[in-house]
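Please read the structure below before turning to the comments.
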Amino acid sequence: MLYKNFKIQLILALTVLTSACTNMDLVQTTAINTVFEETALVKAKPIAIEKSNINFDSHPIAKRYRTVISGEYAKQEVNFANHYVVITWGCGSGCVSGAMVDSRNGTVYSLPEDKEWGGNGTYVTFKQESNILTSVWVIPTPTGDTEETRKYWRWDEQSKIFAHTSAFSTYLESK
């Protein structure tokens with residue numbers, strides 16, 4: 001970031017220094033255009049790549065939920081760990097189930113299931129640039145309020161499994 005700011009400052013300084021030049025308009029226009037190009041590069045979205053076809057033989061959940069997985073995979077962009085499309089569907093009152101598809105090769109993986117909860121929770125949260133998936137269990141309290149319990153799962157790209165972790169909970173909840 002420091003280097004980028006230095007480049008912008010240098011370009012602007014050159015623009016000011018060349019204001020006495022006969023080609024002032026050309027130099028200013030070039031400098032300003034360069035600054036806008038730099039800014040546009042920073043704000044640009046990642047280039048979309050063509051997603052691979054789903055390999056329905058890669059996991060039993062892919063065959064069982066073929067319709068919802070294929071329909072949602074076609075609609076969604078990569079939304080988890082820079083390569084995966086997470087797909088969820090309801091499995092009853094206050095329950096969510098799901099899978100994720102590797103956009104590079106079409107392999108399907110099941111979302112982590114918590115043995116204590118007997119599933120994925122009420123809903124899951126995740127980010128495109130993160131390998132942490134959060135499962136949330138929402139339960140009503142006797143006072144009529146709701147209470148949320150969160151569990152954090154880290155996707156390990158090498159072993160291709162989710163590992164339960166509590167190391168992120170304090171950090172993530174403070175954000």
* Structure fact -> Residues of region 79-112 being under 17 Å from residue 125 (Cβ atoms), assigned to a loop (DSSP other than H, G, I, E, B) and in contact with a strand residue (DSSP E or B) (Cβ under 6 Å, 6 or more places away or on another chain), in sequence order, are 79, 81, 95, 111, 112
* Top-ranked residue in region 106-125 [being farther than 18 Å from residue 148 by Cα and in contact with an Asp or Glu (Cβ under 9 Å, 6 or more places away or on another chain); ranked as least open to solvent (accessible area, probe 1.4 Å)] -> 108
* Which residue pairs have Cβ atoms closer than 6 Å, lie 6 or more positions apart in sequence or on different chains, and pair a first residue in region 147-175 that is within 16 Å of residue 112 (Cβ to Cβ) and at pLDDT 90 or above with a second residue that is open to solvent by less than 90 Å² (accessible area, probe 1.4 Å) and hydroxyl-bearing (Ser, Thr, Tyr)? -> 150/134; 151/135; 152/134; 152/165; 152/169; 154/165
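The values are calculated or read from the model by the stated rules, or taken from the named source; none is laboratory data. This is a predicted model, so every value here is computed, not measured. Here Cβ is always computed from backbone atoms with ideal geometry, including for glycine, and neighbour counts include all displayed protein chains. SASA here: full protein model, heavy atoms, side chains in, ligands and nucleic acids out. Shrake-Rupley method; radii C 1.70, N 1.55, O 1.52, S 1.80 Å.
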